[in-house]
Amino acid sequence: MAKRWYQEHQRDPWRRQAKNSGYRARSAFKLKQIQERHGVMRLGDSVLDVGCHPGGWTQVAVEEVGSNGNVVGVDLHATDPVDGAQLLVGDVRKGETIEAIIERNGGQPYNAVVSDISPRLTGRYDTDQAISLELSAVALEISVKILKPGGSFVTKAFQGTGIELLVEACKKRFSFVRRFSPVASRNSSSEVYLVCKNMVPLGKRLKGSPSLEIANGLRKLGILPDGDDEDVSPAVGFRRI
Ligand SMILES: C[S@@+](CC[C@H](N)C(=O)[O-])C[C@H]1O[C@@H](n2cnc3c(N)ncnc32)[C@H](O)[C@@H]1O
């Protein structure tokens, strides 16, 4: 098993290409492919990169927004400096992290939020998928708080229970929502990216917390127990497994 993983790792063309192009992670090519297809960032934009470590997406975002843009990356782990980006260490489920994110753009709304956030994988698909859903919901929650009307949001999700609820929550807030599987995602991978564009202005979009909507949906499906999480805070997430 370890041998097979090693051989695949060695053969991985995206890993080689990342190394040759100076990107810190092969995942940089996923954002490049999302950007080529859907144009979620523009020159001069302010972009938040959620779950940015080790910095591959941040490098791509800096290239796309140019020297007049502002890229802020946040992760639980410290990321080595990326020229042209501001990097924060913090848990995006915490209010203090969201305050720091807002402050790093001078209190102004952002143009785009790109999120490759992912839990530390346990290898148990259902658990990993559930935690990933919660993190994606938190990224959506942050996006509706900090984006300009018309702004874009990208998030990673794993196929499985509840993903439709996430898609629905996005559709209530963005006029364009598509699933996209970059070629750079591994063939065997069940990951998919949700690309959301054109956030609807406040008066016209559903108010309320996307995390709560998704938690209620999971409750109806019998996946979350009834009566739990009555007072869930959007900045904390909804999972009780
Ligand atoms: C797949 S990696 C991101 C790779 C990155 N996009 C790149 O190209 O270098 C996912 C990241 O999400 C981060 N993460 C997970 N939970 C988080 C949380 N609650 N707050 C902030 N970051 C989190 C992890 O620490 C991890 O570094």
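In the chain, the calculated helix contribution to ellipticity at 222 nm averages -11500 deg cm²/dmol per residue, counting -39,500 (n - 2.57) for every DSSP H run with n ≥ 4. Annotation: Cα Rg of the stretch 104-203 relative to the compact-globule expectation 2.2 N^0.38 Å equals 1.09. Semi-axes of the equivalent ellipsoid for the stretch 39-98, computed as √(5λ) from the eigenvalues of its C-alpha gyration tensor and ordered from largest down, come to 20, 12, 9 Å. Non-local lysine pairs in the stretch 26-220, meaning eight or more places apart or on different chains, with alpha-carbon distances under 12 Å, amount to 7. Place a point 7 Å from the Cα of LYS207 along the Cα-to-Cβ direction; which residues of the stretch 128-166 have their backbone N under 15 Å from it? Label zone hits: 145. In whole Å, how far is the Cα centre of the stretch 121-140 from that of the stretch 70-107? Going from one Cα centre to the other spans 21 Å. The magnitude of the dipole of the chain, with charges of +1 and -1 set on the Cβ of Lys/Arg and Asp/Glu and taken from the Cα centre, is near 880 debye. Of all beta bridges that DSSP places with both ends in the chain, some 40 percent have antiparallel geometry. Using the Cα coordinates of the chain, the gyration tensor eigenvalues translate into equivalent-ellipsoid semi-axes of 27, 23, 16 Å, sorted from longest to shortest.
Each value in this text was obtained by applying a stated rule to the coordinates, not by laboratory testing. Keep in mind that this is a model prediction, so the values were computed, not measured. Please note: Cβ atoms are built from the backbone with ideal geometry, for glycine as well, and neighbour counts cover all protein chains shown.
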